[in-house]
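First up is the structure itself, then whatever we jot down about it.
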Amino acid sequence: MLKLLHGNNVLNLILTGFLTLSLLLTAITITQVRSLESEAKGKPVRTNASLTVIPNPVPLGTNITINGSGFSPGQTVLLNTSHIPSPQVVADANGNFSYLYNYTYGPGNAAVVAYVMQRKSWVQVATTTFTICVSNPCQ
């Protein structure tokens, strides 16, 4: 009987540890997103920058390609997908980029937001949404 109780206590400690780790990772993600949003300081800056995601809709488990255009040549662009890490890319001589992203999250609607540095702050300049479907190919 004591061994059974001890085994349950160990299992409870392990589950508590996993729950604590999950909550910590969620808090870190929320903090990063809030930090980016607060640094954006309001409405997006008007630019010619745009984003697209290919394919769209995205079959579950498929990598996506994030394409950007209308950026300044050589400009660093932070791509926020609400997941850590947020990749940074550099626009080519024509102000374009293409980034293959290993997007391995569940079905539903998602977004990519592009930020660029202006006066020591990250400023939102473009956003796009996409849908992740359960089936492959998407129905």
query: Does segment 112-125 contain at least one residue that is more than 18 Å from Thr47 (Cβ to Cβ) and in a strand (DSSP E or B)?
result: no
- request: Sort out which residues of segment 103-129 are in contact with a Pro (Cβ under 7 Å, 6 or more places away or on another chain) and hydrophobic (A, V, I, L, M, F, W, C), and write them in order of number.
  value: Val125
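Residue-by-condition table, conditions (1) assigned to a helix (DSSP H, G or I); (2) at pLDDT 85 or above:
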residue	(1), (2)
Ile28	yes, no
Ser35	yes, no
Leu51	no, yes
Asn56	no, yes
Thr62	no, yes
Gly68	no, yes
Leu78	no, yes
Pro85	no, no
Val89	no, yes
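The values are calculated or read from the model by the stated rules, or taken from the named source; none is laboratory data. Worth saying up front: this structure is predicted, and the values here are computed from it rather than measured. Ideal geometry is used to build each Cβ from the backbone, glycine not excepted, and the neighbour counts take in all protein chains shown.
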